[in-house]
Structure formats: C-alpha cells, structure tokens
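Notes for the one structure printed next.
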Amino acid sequence: MKKHTLFFIFFSIAIFINLSTKAQEKYKTFTADDSLQFYKNTQFHQAVKLKKTTFVYGAKPKNIILFIGDGMGTDHVFAAYTANKGVLNIMNMPFVGFSKTQAANNYITDSAAGGTAIACGQKTKNGAIGVDAKGNTIKNICEYAKEKQLSTGLISTSAITHATPASFIAHQLSRRMYEDIAADFLQINIDLFIGGGLKFFDKRTDKRVLTNELKEKGYQIAFSTADMMKITKTPMAVLLDSGHLDRVSEGIVFLSKAVKKSTQLLSKNKKGFFLMVEGSQIDWGAHQNNTSYIIEELLDMDKAVGGALKFAEKNKETLVVVTSDHETGGMAINDGNIQTGEVYGRYTSSRHTATMVPVFAYGPGAELFSGVYENTELFQKIILLLNLK
Ligand code: MG
Ligand code: MG
Ligand code: ZN
C-alpha cells in the first residue's frame, strides 16, 4: 500500500472518531461567537450567613460532602462572585488550597483521569474510569466507605454515567462505556444517586432493565424532582433525564433540592456518609467559551454549596469541600463590575488547560486542604479524615 493511501485511511478513521465524539458530546460545541463572552447577571442569591464556628484543629468529620465543579478554575469562581454582586458561598469557606490536575500520561487531564485521581487516589490515563494507568481496578472512596458501613451518594447535573460521577463507582477502561458504567452501579450498594442517563440503564444493547434490577435490590426509584422529594428512605435512585440534564437556564433546577434530600437521608446513618456532588456543566459552558453558561451553572452549584454549609454548621461533624477536576477554557476576566453583576470573560482555549484548580473547605478537617498538592491527595485526605483505611 502506498504511503498516501495509508495516510488517507488513517485520516478517515481519525475524522470518523472525531465526528462520532462530537455527536456524542455536542454540548461542548465551540462557536467563535464573541457575544458569548459578556454576561450581565439578573438573578442574585444571598450567601448563607455562617456563625463564626471554631472547629478544633485535628478534629475529624463523620461526614464529607465533596463538590466538584467540572472545569472550574479560579477565574470561573471569581466571575460567578462578580456576577452575583460580590457574594459567593464558596468564597466564604475559610480554608483554601490548590490541586494539581496532571494525568498519568498527559499534562492536561480529562474528566475521567481527573475524577479517578480524586475518587481512587491514583493518577491514570485520560479516559480511564476507576482503573490505574495499566488498566487494573483501583478501589474508590465509595467502596472504602461501604466497607466501613458509611453511607454513600452521588449527584450530578450530567448523566450519572458520565466521567466524573462514574469515577466514584465504576471501573472501566474507557469513559465511553456508558452501559457498562451503568451496570457498575449495581456492583456496590450505593445508598443514593441522582442525575441523568436513564437510557444507559433501561435502553441497553444487552436488553437488561437496570431500574428493575435496582428495584429488586430494594431501591426507591424516581424520575422527577417532585417524586424524589417524596422518598423517605435509602437506597434511592433518581434518573431525571434520558441523557444529560438541560442547562440551568433551560431545564429543571434540582441541585439544591437534591443535596438537601441527600443530606437528610444519608445523615440517618450514625456511622457517617460520603456524598459527591458535581456541577457538571461549568465545564461545558467553558468549552463553549460561554460566560453566561459558566456563571449560571456555577451560581446554581453555589446555592447547593450554601445548603451544604448550613447543614454542616448545624450538624457540626460534616466537612464540606469544593474543588474541580481541571480548568476549562483558559478563562480570564478582562472586565467586570461587582456593583452591576457584569462580567467580560476571555478564553485562551476551547479545551481543558493545565493550571492548578482551587480547593475550598469548611468544617472539621478543613485545615488539611490548605496548600498546593496533587489531586490524588484529595483522596488521601478524605480517606484519612473518615478513617477509611
Ligand atoms: Mg472535567
Ligand atoms: Mg464531569
Ligand atoms: Zn471538559
């Protein structure tokens, strides 16, 4: 075969893979539309007023609520703060650190390697879910927590089978194996999960109907936020959309309710709980270089963080951590106005970048999250604080 024929075949395959990826993830589609860079916020929320609670240094929490703003860098946070007229729950959290996000095989991580580093404590290859760089299964926080009889929960504004939540429950060589990831939800007895992705449970190539299997395992199932609110015991599975959920400005707003419901249900376990909450679409807004999309999603997550902080303040044994898996967009704020809630974001990329991402913490053990460290240390800190090893 001639060299250029080989090249042509390779090129066609590359185009095909690229197109099928795009088709699957069209929410990330970038259009060079400069008007998307400017945003003036019109819906403001107050920050939760936290009492000056003094936590004892070296104290350990019983519960941890971990928020992951996918793609959320420092500029995304400050953009949301500016848009909300200088008020943000996340920025009221007293301990701040930075997480280095590099993947095992790449300077720039994807959400699979980024999620796996946080969930399982090891750097892996981009695309890998809950397996190390050689493809071996590595145990995640939820599995460690289950062994010690703690309760566990996952909440996401994307499909629950998408890379970030998947890293906390599944073990698959590729993030694209959505049906296999869904099946992994039946492998560990997770106490609750809330997100999209119903089609990967019920419209499967192997004809299994996983929601029926979940029912047989004793799960309460809901397909709407209203029905979720009626559920009074775990285990609970809430699948709010066939695929990904709509963005906050176009669809149902459920994150704060989901966090409230989850803390109510999970805190019944006196041994403690681990809850991961993902603001998935901050990343997608940033892929689009769309300032309003980023800010609306981040403010929605910030409201849920406020609810978690309130719970933690009252509960006194709960640590709240807010971080990210990587930065997306190479965002910078080139102008803005805290009085009017206007933000002018500029972007150096439509993809992920290499920079370190912020970590905010409140509650017993929060001081451990200060400093600059690898993303895998988030796992180590959580394991240590919950006495999981
Ligand atoms: Mg990500
Ligand atoms: Mg994600
Ligand atoms: Zn992304």
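Looking at A304, A286, which is the one that is within 14 Å of ligand 1 (Cβ to nearest atom), more than 12 Å from the chain's Cα centre (by Cα) and in contact (Cβ under 8 Å) with a residue 12 or more places away in the chain? Spell out how you get there, then give the answer.
Values: A304 fails: within 14 Å of ligand 1 (Cβ to nearest atom).
Being within 14 Å of ligand 1 (Cβ to nearest atom), more than 12 Å from the chain's Cα centre (by Cα) and in contact (Cβ under 8 Å) with a residue 12 or more places away in the chain holds for just one of A304, A286, which is A286.
For the stretch 353-379, what are the residues that are within 16 Å of ligand 2 (Cβ to nearest atom) and touching a helix residue (DSSP H, G or I) at 6+ places or on another chain (Cβ under 8 Å)? Working first, answer last.
Just the residues of the stretch 353-379 that are within 16 Å of ligand 2 (Cβ to nearest atom), to begin with: 353, 357, 375, 378.
Answer for the stretch 353-379, where residues must be within 16 Å of ligand 2 (Cβ to nearest atom) and touching a helix residue (DSSP H, G or I) at 6+ places or on another chain (Cβ under 8 Å): V357, N375, L378.
Filter the stretch 270-292 down to residues that are assigned to a helix (DSSP H, G or I) and open to solvent by less than 10 Å² (accessible area, probe 1.4 Å), then give me how many there are. Spell out the reasoning first.
We begin by selecting, within the stretch 270-292, every residue assigned to a helix (DSSP H, G or I); these are 281-287, 291-292.
Within this subset, residues satisfying the condition of being open to solvent by less than 10 Å² (accessible area, probe 1.4 Å) are 281-286, 291.
Final tally of qualifying residues: 7.
List pairs: first residue in the stretch 24-41 and modelled with pLDDT of 90 or more and within 16 Å of ligand 3 (Cβ to nearest atom), second residue open to solvent by less than 100 Å² (accessible area, probe 1.4 Å) and part of a strand (DSSP E or B) anywhere in the structure, Cβ distance under 6 angstrom, at least six positions apart or on different chains.
As it stands, the answer is none, since no pair meets every condition given.
Being free of Cβ contacts under 8 Å to residues at least 24 places away in the same chain and in contact with an Asp or Glu (Cβ under 9 Å, 6 or more places away or on another chain) narrows it down to one of I221, I252, I155, I169, so name that one. Steps first, answer last, please.
Numbers: I252 fails: free of Cβ contacts under 8 Å to residues at least 24 places away in the same chain; I155 fails: free of Cβ contacts under 8 Å to residues at least 24 places away in the same chain; I169 fails: free of Cβ contacts under 8 Å to residues at least 24 places away in the same chain.
None of the others qualify; the one that does is I221.
Cβ-Cβ below 9 Å, separation at least six or inter-chain, first residue in the stretch 321-340 and free of Cβ contacts under 8 Å to residues at least 12 places away in the same chain and more than 16 Å from ligand 3 (Cβ to nearest atom), second of a type in the set (S, T, Y) and open to solvent by 10 Å² or more (accessible area, probe 1.4 Å): which pairs?
D335/Y344
Looking for something of a type in the set (V, I, T), more than 18 Å from L275 (Cα to Cα), assigned to a loop (DSSP other than H, G, I, E, B) and within 14 Å of ligand 2 (Cβ to nearest atom) - is there at least one such residue anywhere in the stretch 134-143?
Step one: list which residues in the stretch 134-143 are of a type in the set (V, I, T), which gives 137-138, 141.
If we keep only those that are more than 18 Å from L275 (Cα to Cα) too, we end up with 137-138.
Among the residues that remain, those that are also assigned to a loop (DSSP other than H, G, I, E, B) are: 138.
Those left that are additionally within 14 Å of ligand 2 (Cβ to nearest atom): none.
No.
Hey, among the residues in the stretch 75-101 that are more than 20 Å from F44 (Cα to Cα) and of a type in the set (F, W, Y), which one's surrounded by the fewest Cβ atoms within 10 Å (Cβ to Cβ)?
That would be F98.
For A79, indicate whether it is assigned to a helix (DSSP H, G or I), farther than 14 Å from L319 by Cα and within 16 Å of ligand 3 (Cβ to nearest atom). Talk me through it step by step, then tell me what you get.
Working: assigned to a helix (DSSP H, G or I): yes; farther than 14 Å from L319 by Cα: yes; within 16 Å of ligand 3 (Cβ to nearest atom): no.
No: the conditions fail for A79.
If you go through the stretch 138-158, how many residues are aliphatic (A, V, I, L, M) and within 14 Å of ligand 3 (Cβ to nearest atom)?
Within the stretch 138-158, the first condition is being aliphatic (A, V, I, L, M), and the residues that meet it are 138, 141, 145, 150, 154-155.
Filter once more, keeping what is within 14 Å of ligand 3 (Cβ to nearest atom): none.
Of the residues in the stretch 138-158, 0 are aliphatic (A, V, I, L, M) and within 14 Å of ligand 3 (Cβ to nearest atom).
Given the conditions (1) hydrophobic (A, V, I, L, M, F, W, C); (2) closer than 25 Å to D180 by Cβ; (3) open to solvent by less than 10 Å² (accessible area, probe 1.4 Å); (4) within 13 Å of ligand 1 (Cβ to nearest atom), report the number of the one that M72 does not fulfil.
(2)
Looking at the stretch 202-228, which of its residues are part of a loop (DSSP other than H, G, I, E, B), hydroxyl-bearing (S, T, Y) and in contact with a strand residue (DSSP E or B) (Cβ under 9 Å, 6 or more places away or on another chain)?
At the first step, the residues of the stretch 202-228 found to be part of a loop (DSSP other than H, G, I, E, B) are 203-209, 217-219, 223-224.
Filter once more, keeping what is hydroxyl-bearing (S, T, Y): 205, 219, 224.
If the condition is that a residue be part of a loop (DSSP other than H, G, I, E, B), hydroxyl-bearing (S, T, Y) and in contact with a strand residue (DSSP E or B) (Cβ under 9 Å, 6 or more places away or on another chain), then Y219, S224 are the ones that fit.
When you check I194 against the structure, is it crowded, with 24+ Cβ neighbours inside 10 Å and either closer than 30 Å to N41 by Cα or β-branched (V, I, T) (or both), yes or no? Working first, answer last.
Values: crowded, with 24+ Cβ neighbours inside 10 Å: yes; either closer than 30 Å to N41 by Cα or β-branched (V, I, T) (or both): yes.
Here the answer is yes, as I194 does meet what is asked.
If a residue has to be within 16 Å of ligand 1 (Cβ to nearest atom) and of a type in the set (A, V, I, L, M, F, W, C) to count, how many in the stretch 126-154 make the cut?
We begin by selecting, within the stretch 126-154, every residue within 16 Å of ligand 1 (Cβ to nearest atom); these are 126-130, 154.
Imposing the further condition that a residue be of a type in the set (A, V, I, L, M, F, W, C) reduces the set to 128-129, 154.
Of the residues in the stretch 126-154, 3 are within 16 Å of ligand 1 (Cβ to nearest atom) and of a type in the set (A, V, I, L, M, F, W, C).
Mind telling me which of the residues K260, K303, K314 ends up being farther than 18 Å from M93 by Cα, in a helix (DSSP H, G or I) and among the charged types (D, E, K, R)?
K260
For the structure I just gave you, tell me whether V343 is out of contact with any Cys (no Cβ under 9 Å at 6 or more places or on another chain), buried (at least 23 other Cβ atoms within 10 Å of the Cβ) and farther than 20 Å from K100 by Cα. Spell out how you get there, then give the answer.
Working: out of contact with any Cys (no Cβ under 9 Å at 6 or more places or on another chain): yes; buried (at least 23 other Cβ atoms within 10 Å of the Cβ): yes; farther than 20 Å from K100 by Cα: yes.
Criteria met by V343.
Quick check on K261: is it charged (D, E, K, R) and out of contact with any helix residue (DSSP H, G or I) (no Cβ under 9 Å at 6 or more places or on another chain)? Spell out how you get there, then give the answer.
Working: charged (D, E, K, R): yes; out of contact with any helix residue (DSSP H, G or I) (no Cβ under 9 Å at 6 or more places or on another chain): no.
Spelling it out, it is not the case that K261 is charged (D, E, K, R) and out of contact with any helix residue (DSSP H, G or I) (no Cβ under 9 Å at 6 or more places or on another chain).
Residue under question is T101, and the condition is that it be in contact with a Gly (Cβ under 7 Å, 6 or more places away or on another chain), among the β-branched types (V, I, T), within 16 Å of ligand 3 (Cβ to nearest atom) and at pLDDT 95 or above; does it hold? Don't jump to the end; show me each part of the working.
Details: in contact with a Gly (Cβ under 7 Å, 6 or more places away or on another chain): yes; among the β-branched types (V, I, T): yes; within 16 Å of ligand 3 (Cβ to nearest atom): yes; at pLDDT 95 or above: yes.
Here the answer is yes, as T101 does meet what is asked.
If you go through the stretch 317-326, how many residues are open to solvent by 10 Å² or more (accessible area, probe 1.4 Å) and either part of a strand (DSSP E or B) or touching a Cys at 6+ places or on another chain (Cβ under 7 Å) (or both)? Break it down into steps so the answer makes sense when it comes.
Going through the stretch 317-326, the residues open to solvent by 10 Å² or more (accessible area, probe 1.4 Å) turn out to be 317.
Adding the requirement that they be either part of a strand (DSSP E or B) or touching a Cys at 6+ places or on another chain (Cβ under 7 Å) (or both) leaves none.
The number of residues fulfilling the criteria is 0.
Do we have G114 as within 16 Å of ligand 2 (Cβ to nearest atom), farther than 29 Å from F185 by Cβ and under 17 Å from the mean Cα position of the chain (by Cα) here?
Working: within 16 Å of ligand 2 (Cβ to nearest atom): yes; farther than 29 Å from F185 by Cβ: no; under 17 Å from the mean Cα position of the chain (by Cα): yes.
So G114 fails the test.
The values are calculated or read from the model by the stated rules, or taken from the named source; none is laboratory data. Computed from a predicted model, the values in this text were never measured in an experiment. Ideal geometry is used to build each Cβ from the backbone, glycine not excepted, and the neighbour counts take in all protein chains shown. Surface areas here come from the heavy atoms of the whole protein model, side chains and all, with no ligands, DNA or RNA. Shrake-Rupley method; radii C 1.70, N 1.55, O 1.52, S 1.80 Å.
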